[in-house]
Amino acid sequence: MTDVRIAHVRPIRTERAGMTLTRLARLSRLAAVALPLVLVWTPAAAATGPALTVDGRPLAGAVTAPSFTVASADLGSSVRAKFRLDGVYLGTDATLPFTWPVSATAGTHELEVRVYDEAGEQGRTAARFTVERTTTATPTPAPAPAPSTPAPAPAPGTRALTADGRPLAGATVASGVTVTAPDLGGTVKAKFRLDGAYLGTAVTLPLTWPAHAAPGAHQLEVRLYDAAGAEQGRVVADFTVAGSSSTPQPAPAPAPAPTPTPSPAPAPVRTVTVRDGAGLAAALAAATPGTTIQLADGVYTAEQQLTVGTSCTAAAPCALRGGRGAVLDGAGLSGHYGLHVKDADHWTVAGVTVRNASKGIVVDGSDRVVIDGVEVTQIGAEGIHLRAFSSDGVVRGSLVHHVGLDKPQFGEGIYIGSATSNWGTYSGGRPDASDRNVITGNRIWATGAESVDIKEGTTGGVLSGNTFDGAGMAGENSADSWVDVKGNDWLISRNTGTNALLDGFQTHVLVSGWGRRNVFTGNTATVRAAGYGFRFQDAATTGNVLRCDNTVTEAGLGSANQRCA
C-alpha cells in the first residue's frame, strides 16, 4: 500500500494496460493507491483535450452568434463526446464527427467537452467565447453556419430532401412527416436540424428522420458525412406545414389551445444545482419558467413523490438535467413513481437514471415535454408513460429495461395514452387524446409487456428508429408483440425488433373508430416466434398501410396478414 497526496487533476497512465484513469482529489486530500502496476505520472499540462471549432475555426476566444454548432475532434478511437455550457450538461453525441448545437445569451461563456473511448475518458477541453449582442441587422458572424452557403457537394439533382417521395423544398406538408436525405455517394450519416434545432442523426440507409412542426413556414437542414467522418455537404429545404384543413393525410391538427403568453419580458434563465433528495424536492417546488435544475451525481430519494408541477413556456422552458450517475430512486417497486411530471408544459428531463420505483417517469396533462437520453430500469410496472392529454412530447435516445418486475402484465417499456377502461380515471370519460408524440431512437428490452403500447384515443404520433428485444416478456394481459398500435394515424418507421413472443407489430380495434390509418414503413422484424411480422386486426376495413420496404425474418406465419402497398 502506498499513500500519495494529489495536488490537482492528473491523468494516470498504466504501462501494463495503456489505459488513462482520471481521478479528482482536492489539495491535501489523501488518496490510497494499491495497484500492482508501474505508475508513470504525466504532468497535467500534457493532458490532451479535443480541439473545439466552429466552421473550422477555433472556438476559444471567438465572438459568436447566439446560436451555433460546435465540433469536437476525435482523439483516436473516440466513441462519444459530452458537451457542457457554463457547467450545465447539454447532451452527448455518439457519432463522428462530434457536434452539438449551442444557444447562449449575450456575454462571455465557457464550453467544456469531454471525449471518451471504450475504456473511459480520453480528455477534456474548455473554451471561453463571447456571444455578441444581437442587432436588428444580424450580421451572421463566423460561427453561425449559414444555410444559404452549403458546403461543396455533388452535382445538382442529387441533393434534394424528400418527404413521401416528393421534394420537400417549397412543399406544403402535414405536421408530421418523415424526411429522406440524399446519398451523395458514400454517405453514411446525416444530421437533421429543424429551424436550427438539432433533431437527431441517421446512420442507416435510407437516411431518414421524422420531423414534427407547427403550422407555418420552416427550414430543415441536413448535414451529410462519409465513412471517414468528413462533411460532404449540407442540404436545406424551406417548406410549409399546413393547418388541419389542408393536411393531405389525417395528421396532427395544430395544438389544441395555443397558449401564447401575452409577451411580458422573457423570464430570467436561472440554474439551480442540487445534490440530494431534499434539495431536489425543494428546487422542483420553487421552479419558475426559465429554471434549469442541474443534478450532481448521487442517489436522490424523497419522503414524498418527486413531482414536476410548474408549467413553463416556449419562451422560457424548464429543464431537469443530470448525468447517468444522477439517480432518481423511488424507494421500492410498489412505492412512488420515479418522477411525476404533472400539469407542467415545456419541460425537458435529460440524462438521468430512474430506478427502483412503481412506475418510471409518468407525464400527466403536460404538453411539449421532452424526455431525452435517460435510463429507466428496475421498475414495478411501466417505464415511461405519457397520458391524460399529454401531447406534442418527445421521448428520445433513452434506455428502458427491466420493467414490469412487480406487475409484468403492466410492464410496458413506453406507454402512450390510456386504455379505454381508464378513460374515466385520466380523461374524464373521453378518449385520452395524448396526440402527436414522437418516440424515437430508444432501446427497449427486458420488459414484462410490450416494448411500446400506443393506446386507443391517441392520434398522429411517430414511432421511429427504436430497437426492441422481446426476450423475457411475460405474455400476460395479451402482451405478445413488441408494439401494439390501437390509436389512429401513427407513423411506425425504421424500428428494429428481435425475439417476439408471438408477432412483431400488431394493430387492434378495441374501440370502434380506432386502430385505423396507421402506416408501417422501413421496419426490420426478426420475429423468432410462431406469428407474423405484422398482424392487423380487421385488416380489410381499418385502412392501415403496410409498405413493401419492411423486412421480416423467422416469422412462423410469414410477413403479415395483409399485402404490402
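The numbers here are math on the coordinates, done by the rules we state, and not lab data. What you see is a predicted model, and the numbers here were worked out from it, not measured in a lab. Cβ placement follows ideal geometry from the backbone for every residue including glycine, while neighbour counts extend to all protein chains displayed.
Using amide H atoms built 1.01 Å from N in the peptide plane, name the residues 5+ places from Arg80, or on other chains, whose amide H lies under 5 Å from its own.
Tyr116
May I ask you to compute the full-extension gain from Asn561 to Asp164, defined as 0.36 nm times their residue separation minus their alpha-carbon distance, rounded to one decimal in nm?
Details: separation 397, 0.36 × 397 = 142.92 nm, distance 2.43 nm.
Additional length available on full extension: 140.5 nm.
Take the Cα of Leu405, step 7 Å along the line toward its Cβ, and report every residue of the stretch 348-389 whose backbone nitrogen sits under 14 Å from that point.
It comes to 354-360, 376-383, nothing else.
In sequence order, what are the phi-derived ³J(HN,Hα) couplings for the stretch 459-471 according to the Karplus relation 6.51 cos²θ - 1.76 cosθ + 1.60 with θ = phi - 60°, rounded to whole Hz, with x for glycine and proline?
So the J values, rounded to whole Hz, are 9, x, x, 10, 10, 8, x, 9, 10, 10, 9, x, 4.
Could you let me know the centre-to-centre spacing of the stretch 278-327 and the stretch 177-209, using Cα atoms, in angstrom?
32 Å
Given a Förster distance of 51 Å, report the FRET efficiency between Glu110 and Glu554 from their Cβ-Cβ distance, rounded to the nearest 0.05.
Numbers: r = 52 Å, r/R0 = 1.02.
In this case the efficiency is close to 0.45.
May I have the pair-distance distribution P(r) for the stretch 423-565, computed from all Cα-Cα distances with 10 Å bins from 0 and rounded to whole percent?
13, 45, 35, 6, 0
In Å, what Kirkwood hydrodynamic radius results for the stretch 320-479 from the alpha-carbon pair distances? If you can, show how the numbers build up before the last one.
Working: mean 1/r = 0.0668 Å⁻¹.
The answer is 15.0 Å.
Most exposed first by the Cβ proxy, i.e. fewest other Cβ within 10 Å, how do Ser418, Ser103, Ser358 rank? Please list the in-between numbers first.
On the way: Ser418 24, Ser103 13, Ser358 21.
Taking fewest neighbouring Cβ atoms as first place, the list is Ser103, Ser358, Ser418.
Could you run the Karplus curve 6.51 cos²θ - 1.76 cosθ + 1.60 with θ = phi - 60° over the stretch 347-362 and give me ³J(HN,Hα) per residue in whole Hz, x for Gly and Pro?
Each residue of the stretch 347-362 in turn: 10, 10, 10, 9, x, 7, 9, 10, 8, 6, 9, 5, 10, x, 10, 10 Hz.
Could you sort 285-294, 513-522, 346-355 so that the peptide with the highest average Cβ count within 10 Å comes first and the rest follow in order?
Numbers: 285-294: 18.2, 513-522: 20.4, 346-355: 24.0.
Highest to lowest by the protection proxy: 346-355, 513-522, 285-294.
In a shell of Cβ-Cβ distance under 13 Å around Gly76, excluding Gly76 itself, what net charge do Lys and Arg (+1) and Asp and Glu (-1) give?
With Lys, Arg at +1 and Asp, Glu at -1, the net is -3.
Cut-off is 10 Å between beta-carbons; in what order do Glu121, Glu412 appear when sorted fewest neighbours first? List each step's numbers first, then the result.
Numbers: Glu121 14, Glu412 28.
Listing Glu121, Glu412 from fewest to most nearby Cβ atoms yields Glu121, Glu412.
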